[in-house]
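Data first, discussion second: the structure below is written as structure tokens.
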Amino acid sequence: MKKYIAEFIGTCVLVTLGCGTAMLVGCDAASGSGYLLTALAFGLVIVGMAYCVGNISGCHINPAVSLGVLINGGMTGKDFCGYVIAQCLGALTGAGVLAAIFSLGGLTDMTGGFGSNGLAGVNGSVAAGLLVEIVLTFIFVLTILGVTSKKAGQGSFGGLIIGLTLTLVHILGIGLTGTSVNPARSFGPAIVAAIAGNADPIKALYVFIVGPLVGAALAAFTYKALESDK
């Protein structure tokens, strides 16, 4: 149960700080500063949580990462289900915290989709959005599997490397899909936005669930093939 609580806390913090930063600074391609700040927010949360709850749950805080670990033989099916439930609940809670903060602070004009993902950057193309999420998640999860492998020997630097990689994929992906690479991170804000009366984010939610999971599965199978002695 402690592992699930750790995943809940980690995902809640990720959505609160990452999506909250996106809500505050915006993601305007004209200046680019919003891109960088949002990318850094998501990356730095992973660094912090990796050293906070990593020794308890492995700090997946992402169903796609958990799927990659499951396929790679690093966890059981039971734990996978528990992790995903905890991550989704954590994301919902994080988005709820943002809704409360922005509502109580009189900042309702800034809420929008609570940092949810969308297809505006790819002109509404579902195919392009799926491809972006598959590719970016593949890179992210492949890095995680490599860094956390017993053969890698990254030691205490693993969390930093993973956080920087998440920052990197965000720099490219924010202008295209808002960068999900994490079904729970997309799920929480989309549901809370729908409750608040904005149903737009939930219409394309399936893209940000299917894309990351496919990318994670491809990364896991690829890494298993590369690491195998056969």
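Quick note: the coordinates plus some simple rules give every number you see, no bench work behind them. All figures in this text were calculated on a predicted structure; none of them were measured in a lab. Here the Cβ positions follow ideal geometry from the backbone for every residue, glycine too, while neighbour counts run over all protein chains shown.
List nothing, just return the count: lysine pairs in the chain, 8 or more apart or interchain, with Cα separation under 21 Å.
7
Stokes-Einstein D for segment 105-230 at 10 °C, 1.306 mPa s, Kirkwood Rh over Cα pairs, in µm²/s? Before the final figure, lay out the partial values.
Working: Rh = 15.5 Å.
Here the translational diffusion coefficient equals 102 µm²/s.
Cα-Cα pairs above 29 Å in the chain: how many percent?
Working: 5249 of 26335 pairs.
Here the long-distance tail beyond 29 Å is 20 percent of all Cα pairs in the chain.
Output the 0 to 90 degree angle, nearest 10, between the alpha-carbon long axis of helix 207-227 and the longest principal axis computed from the alpha carbons of the chain.
Its long axis makes an angle of about 20 degrees.
So if R0 is 45 Å, what FRET efficiency would Ser228 and Ser33 give, r being the distance between their Cβ atoms, rounded to the nearest 0.05?
That gives a FRET efficiency of 0.55.
Ratio of Rg to Rh for segment 171-210, alpha carbon only, Kirkwood?
0.98
Please rank Lys230, Lys78, Lys203, fewest neighbouring Cβ atoms within 10 Å first, as an exposure proxy.
If I rank by nearby Cβ atoms, fewest first, I get Lys230, Lys78, Lys203.
Among Gly113, Phe138, Ala127, whose Cα sits farthest toward the positive end of the charge dipole of segment 2-227 (+1 at Cβ of Lys/Arg, -1 at Cβ of Asp/Glu, about the Cα centre)?
So the residue furthest toward the plus end is Phe138.
Once R0 is set to 25 Å, what does the formula 1/(1 + (r/R0)^6) return for the Cβ-Cβ distance between Met1 and Leu168, expressed as a FRET efficiency to the nearest 0.05?
That pair, Met1 with Leu168, gives E of 0.15.
Using a Förster distance of 41 Å, how high is the FRET efficiency between Val25 and Cys81, based on the Cβ-Cβ distance and rounded to 0.05?
Working: r = 35 Å, r/R0 = 0.87.
Once the sixth-power term is evaluated, E becomes 0.70.
Starting from the Cα coordinates of segment 1-60, work out the convex hull volume and express it per residue in Å³.
Values: hull volume 3.3 nm³, N = 60.
In segment 1-60, the Cα convex hull volume per residue is 55 Å³.
Within the set of other residues whose C-beta is less than 10 Å from the C-beta of Gly118, count the net charge using Lys and Arg as +1 and Asp and Glu as -1.
On the way: positive: Lys203; negative: Asp200.
Around Gly118, the surrounding residues sum to 0.
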